[in-house]
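Novice: Can you keep this structure in mind? I'll have questions shortly.
The values are calculated or read from the model by the stated rules, or taken from the named source; none is laboratory data. This is a predicted model, so every value here is computed, not measured. Here the Cβ positions follow ideal geometry from the backbone for every residue, glycine too, while neighbour counts run over all protein chains shown. Only protein heavy atoms, including side chains, enter the accessible area calculation; ligands, DNA and RNA are left aside. Shrake-Rupley method; radii C 1.70, N 1.55, O 1.52, S 1.80 Å.
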Amino acid sequence: MSDTMRKRVILITGASGEIGQALIEHFLQAGQTNLVTIDLYALPTTLHGRTTHIVGDVLDQKLFARLVTEYDFDTIFHLAALLSTRSEFAPELAHQVNVNGTLNLLQLAADQTQRRGEPVKFIFPSSIAAYGLPSLEIKERDNLLREWDWNLPATMYGCNKLYCELLGRYYSENYLQLAVSRPHMLDFRSVRFPGLISAFTVPSGGTTDYGPEMLHAAAQGKPYACFVREDTVLPFMAMPDAVTALLRLADVPRAELRRLVYNVTSFSLSAGDFRRRVQAAFPTAEITFVPDDRRQGIVDTWPAGLNDNAARRNWGWSPAYEIDRAFDEYLVPNIRRRYE
């Protein structure tokens, strides 16, 4: 099929997750119906028939070989990943999904960029797991990390994310650099997220999930034993802000960007402060602290805060949900309704 006959579409991998569903809703409301979505699972019934959805695997190269004969992927939101806790139990699988899956899509985007002579936009969510602080003393000293600070991840997930950032840089700046003629470069953009807190997705055991786990347990009247120390501090963000960050970064003209990878964040608080806010909303909540040394060891390597000045300067990043609004308007009322 010729390039002119291929249908230009937006591709969203990992589309059945909360961010994927929110992106789909955003594009549909904006009148963008040329959406191809991929996930290991079907979309919820509310989205059935509203995208071209494929139940498939990002490691399935034959699948993508078929898709590129029909579609020209104008923008790719690559959300599919094996998350942090599962990655520690299955590091080889994590590498396959998180690295090889990303490499498959980067190569696809690079090939389509060459064919049409203009860049495919590739949006990639990264993570604070890309950092690796060596001690609590340095974590306290270096309170707000910049994008280039302490990129020494201690987890397989963090290694995967950091390497994929570097792959994105290669495909955006140095792809086929020894070729006789310089190829067109794709347009890779990435955000490093803090811990994401959702009112609508049940926590799945992620390493930063102790916060939302407190909320969901409290709303159900269940006791909760937090697996980190009370003084553990991490940065967090409400899920709607995560969706907004991806969309804003995708929309900004390339000439205005000064980096390929940007920190974004909203607020930092300790696990003890998180408990106090949960108990203010659910006074009978029973929350104790029973640190798991191994998971605590991972969390201690992650920063207490992120410096997101570059994102604020370059593309006007600003979270809508600071700490009070996140709890009072988004998290508490929606989680309470979920269990009523």
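Novice: Taking into account only those residues within the range 231-261 that are more than 20 Å from Glu147 (Cα to Cα) and outside any helix (DSSP H, G or I), which is farthest from the chain's Cα centre (by Cα)?
Specialist: Asp231
Novice: In the range 262-299, which residues are among the β-branched types (Val, Ile, Thr), in a loop (DSSP other than H, G, I, E, B) and surrounded by fewer than 19 Cβ atoms within 10 Å (Cβ to Cβ)?
Specialist: Within the range 262-299, Thr284, Val290 qualify.
Novice: Please work out which residue is nearest to Asn263 (Cα to Cα), limiting yourself to the range 137-148 and to residues that are open to solvent by less than 80 Å² (accessible area, probe 1.4 Å) and touching a residue at least 24 places away in the same chain (Cβ under 8 Å). So that I can check it myself, show each step before the final result.
Specialist: So the first thing to find is which residues in the range 137-148 are open to solvent by less than 80 Å² (accessible area, probe 1.4 Å), and the list is 138-139, 142-143, 145, 147.
Okay, now just the ones that are also touching a residue at least 24 places away in the same chain (Cβ under 8 Å), so 139, 142-143, 145, 147.
On the way: Lys139: 17, Asp142: 15, Asn143: 14, Leu145: 9, Glu147: 6 Å.
The qualifying residue nearest to Asn263 (Cα to Cα) is Glu147.
Novice: Follow-up question, since we're still on this one. Every residue in the range 133-159 that is under 20 Å from Arg86 (Cα atoms) and β-branched (Val, Ile, Thr), please.
Specialist: Thr155
Residues are listed down the side, and each one gets a yes or a no for (1) open to solvent by 10 Å² or more (accessible area, probe 1.4 Å); (2) farther than 24 Å from Ser126 by Cβ:
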| residue | (1), (2) |
| --- | --- |
| Gly158 | no, no |
| Tyr170 | yes, no |
| Asn174 | yes, no |
| Lys222 | yes, yes |
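Novice: Counting only residues that are touching a Lys or Arg at 6+ places or on another chain (Cβ under 9 Å) and open to solvent by 80 Å² or more (accessible area, probe 1.4 Å), how many does the range 23-49 have?
Specialist: The qualifying residues number 1.
Novice: Taking the stated definitions as given, is Arg254 within 29 Å of Gln21 (Cβ to Cβ) and open to solvent by 60 Å² or more (accessible area, probe 1.4 Å)?
Specialist: yes
Novice: For the range 301-323, name all the residues that are among the hydrophobic types (A, V, I, L, M, F, W, C) and within 15 Å of Leu234 (Cβ to Cβ).
Specialist: Those that are among the hydrophobic types (A, V, I, L, M, F, W, C) and within 15 Å of Leu234 (Cβ to Cβ): Trp302, Ala304, Leu306, Ile323.
Novice: Mind listing just one residue for me: the one in the range 176-199 that is surrounded by 15 or more Cβ atoms within 10 Å (Cβ to Cβ) and of a type in the set (Lys, Arg) and, of those, nearest to Glu213 (Cα to Cα)?
Specialist: Taking the candidates together, the pick is Arg192.
Novice: Is it the case that Arg248 is farther than 28 Å from Ile138 by Cβ and of a type in the set (Lys, Arg)?
Specialist: Against the criterion (farther than 28 Å from Ile138 by Cβ and of a type in the set (Lys, Arg)), Arg248 qualifies.
Novice: Which of the numbered conditions does Met5 fail, given that it passes all the others? Conditions: (1) of a type in the set (A, V, I, L, M, F, W, C); (2) surrounded by 17 or more Cβ atoms within 10 Å (Cβ to Cβ); (3) over 18 Å from the mean Cα position of the chain (by Cα).
Specialist: The number of the failed condition is (2).
Novice: Under 8 Å between Cβ atoms, at least 6 apart or on separate chains: pull out the pairs that start in the range 305-331 with a residue that is outside any helix (DSSP H, G or I) and end on any residue that is of a type in the set (Asp, Glu) and surrounded by fewer than 21 Cβ atoms within 10 Å (Cβ to Cβ).
Specialist: If the second residue must be of a type in the set (Asp, Glu) and surrounded by fewer than 21 Cβ atoms within 10 Å (Cβ to Cβ), the pairs left are Tyr321/Glu329.
Novice: So which of Glu173, Glu213 is among the charged types (D, E, K, R) and within 30 Å of Glu340 (Cβ to Cβ)?
Specialist: Answer to the selection: Glu213.
Novice: Would you point out the residue of the range 108-126, among those that are in contact (Cβ under 8 Å) with a residue 60 or more places away in the chain and surrounded by fewer than 18 Cβ atoms within 10 Å (Cβ to Cβ), that is nearest to Pro253 (Cα to Cα)?
Specialist: If we take residues in the range 108-126 being in contact (Cβ under 8 Å) with a residue 60 or more places away in the chain and surrounded by fewer than 18 Cβ atoms within 10 Å (Cβ to Cβ), then Glu118 is nearest to Pro253 (Cα to Cα).
Novice: Please go through the range 68-96 and pick out each residue that is among the aliphatic types (A, V, I, L, M), assigned to a helix (DSSP H, G or I) and surrounded by fewer than 20 Cβ atoms within 10 Å (Cβ to Cβ).
Specialist: Leu93 - this is the single residue of the range 68-96 that is among the aliphatic types (A, V, I, L, M), assigned to a helix (DSSP H, G or I) and surrounded by fewer than 20 Cβ atoms within 10 Å (Cβ to Cβ).
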